[in-house]
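K.L.:
Next up is a structure, given as structure tokens.
No lab work stands behind these numbers, since they all come straight from the coordinates. Since the model is a prediction, treat every value here as computed from it, not as a measurement. All Cβ positions, even for glycine, are placed from backbone atoms using ideal geometry, and neighbour counts span all protein chains on display.
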Amino acid sequence: MKHGWIVVAALLALLLAACSDGTGGAGSDAAAVTEGYLTAKIAGNRDAMAPLICAELEGTLDIEAASFSAVKAQIEGMDCTFNEASSTVTCAGEIKAEYGLETRSFPLSTYRMVREDGAWRWCGEAVSQ
């Protein structure tokens, strides 16, 4: 049993090291929040979205969760990176949604991130400057 805990601790340490991006994990956390939010959004999983959305946009949560509810949707090629200087996450990839016999593509974008209660929160699309 003692060796089992050592293996679990070693695996956890490897996982944490793999997630680090040299900024103490801050960048990977913001990118992971964005990826989690977008994945939950296309699944219509309001409960998974709720802890990832910023306080400013909490009032839009139901609308966000329902946005792909009437279609079959999936994310393809999602790869998100955090820009600490602008507190934004830019994602490559796209959402593909089937509307009847038609498939539409929605390219992923750059998203604004805010720190609330010590954690990154998704806060909508970033405004181009």
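K.L.:
With labels modelled as points extended 7 Å from the Cα through the Cβ direction, what inter-label distance (nm, one decimal) is found for Y99 paired with T81?
P.N.:
Taking the two extended label points, one gets 3.2 nm.
K.L.:
Quick one: which residues, 5+ away or cross-chain, put their amide H under 5 Å from the amide H of A126? H built at 1.01 Å from N.
P.N.:
Close amide H contacts, sequence-distant or interchain: T110, Y111, R112.
K.L.:
Starting at the first residue of segment 48-59, write each ³J(HN,Hα) from the Karplus equation 6.51 cos²θ - 1.76 cosθ + 1.60 with θ = phi - 60°, in whole Hz, x for Gly and Pro.
P.N.:
Running phi through 6.51 cos²θ - 1.76 cosθ + 1.60 with θ = phi - 60° gives 6, 6, 3, x, 9, 9, 6, 4, 4, 9, 4, x Hz.
K.L.:
While we're on this one: State, to one decimal in nm, how far the label point of A70 lies from the label point of A92, with both points 7 Å from Cα in the Cβ direction.
P.N.:
Between A70 and A92, the label points sit 3.4 nm apart.
K.L.:
Need the C-alpha centroid separation for segment 95-127 versus segment 43-83, integer Å.
P.N.:
Between the Cα centre of segment 95-127 and that of segment 43-83, the gap is 7 Å.
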